[in-house]
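Read the structure below first, then the notes.
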Amino acid sequence: MAATLASLAAQARRFDELVLAGPAGRLAATEAALASVRASGCAARIATVPVAAGTTAAAAVAAAVEASAAAAITVLPPGWIADPGLVGAFAAEVEKDGTFAIAYADEDETGPDGRRRHPRLKPSWSPALLESHAYMGVPLLVARSCWPAEAAGLRAGAEAYDLAFRVTEAAPSGAI
């Protein structure tokens, strides 16, 4: 979690809100990293949402979204490191066309030596490909207006894939 928070603090563009949800013990363990995020000024609002131990990841995300007022939501799993340009790239997508439902970005892994490896360069939107492969992965940016009401029930282990399906199925024509 500390690496994820550090990557958010290093964003080239400030963002509106950061909401963390998890069991109180895990949130307390991130307090030092969260203090550095607050000090960086990367987000206008930072909040934590404690959930009961044993809560599913999807239910924790749903609790965080409920506590948020953001017009667009990005869910990042603990340990995921955001590229310094992620917030700026997603903001450009929103500013370019306010009718978006979901946006996604390429991914890469960083090895123990700090070097990038295993890039996942993702194709343009394809409903047929989405039906056969979880190509969107993370990060995802979802318009609040398209966020599924039943998000707490996303399938465990396939939350991002299930979220992508639900959002794209409900999205207005031409919004993806």
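Rule-based calculations on the coordinates, nothing more; no lab input. Bear in mind that the values here come from a model prediction, so they are computed numbers and not experimental data. Neighbour counts run over all protein chains shown; Cβ positions are idealised from the backbone, glycine included.
List of remarks:
- Considering only Ser36, Ser124, Ser68, the mean-square fluctuation computed in a Gaussian network model of the chain, springs between alpha carbons under 10 angstrom, is largest for Ser124.
- Qualifying trypsin sites (Lys or Arg not before Pro) for the range 80-144 [loop in DSSP, other Cβ within 10 Å: at most 16]: Arg115
- Phi angles of the range 104-109 translate, via the Karplus equation with coefficients 6.51, -1.76, 1.60 and θ = phi - 60°, into HN-Hα couplings of 9, 9, 5, 10, 8, 9 Hz per residue; Gly and Pro are given as x.
- Using the Cβ of Met1 as centre and a radius below 13 Å, the other residues enclosed give a net charge of 0, where K and R count +1 and D and E count -1.
- Applying 0.36 nm per residue to the separation of Ala89 and Ala2 and subtracting their alpha-carbon distance, the gain on full extension is 29.1 nm.
- Interchain or long-range residues, amide H under 5 Å from Leu140's placed H: Val75
- Stretching Glu169 away from Trp80 to a fully extended chain increases their span by 29.4 nm, per 0.36 nm per residue minus the current alpha-carbon distance.
- With the cut-off at under 11 Å, measuring from each backbone N in the range 81-101 to a point 7 Å along the Cα-to-Cβ line of His133 picks out no residue.
- Summary value for the range 48-176: 34 percent relative contact order, contacts being C-alpha pairs under 8 angstrom separated by 6+ residues.
- Computed 3J(HN,Hα) for the range 71-80, one whole-Hz value per residue from the Karplus formula 6.51 cos²θ - 1.76 cosθ + 1.60 where θ = phi - 60°, is 7, 9, 10, 10, 10, 10, x, x, x, 7, glycine and proline marked x.
- GNM result for the chain, Cα springs below 10 Å: residue of Gly88, Gly137, Gly25 fluctuating most strongly: Gly25
- Computed on the range 1-120, with alpha-carbon pairs under 8 angstrom and 6+ residues apart, the relative contact order is 31 percent.
- Here's how it looks for Ala43: its modeled amide H is under 5 Å from those of Phe15, which are all 5 or more places away or on a different chain.
- Distance between the range 135-163 and the range 37-88 - C-alpha centres, whole angstrom: 14
- Between the amide H of Ile102 and those of Ala143, distances stay under 5 Å, these residues lying 5 or more places away or on another chain, with hydrogens modeled in the peptide plane.
- Pairwise Cα inverse-distance average, inverted: Kirkwood Rh of the range 27-176 (Å): 16.8
- Under Karplus coefficients 6.51, -1.76 and 1.60, residue-wise ³J(HN,Hα) of the range 82-88 in Hz, glycine/proline x: 7, 4, x, x, 4, 4, x
- Principal-axis tilt of helix 159-170 within the chain, Cα atoms, nearest 10 degrees: 40
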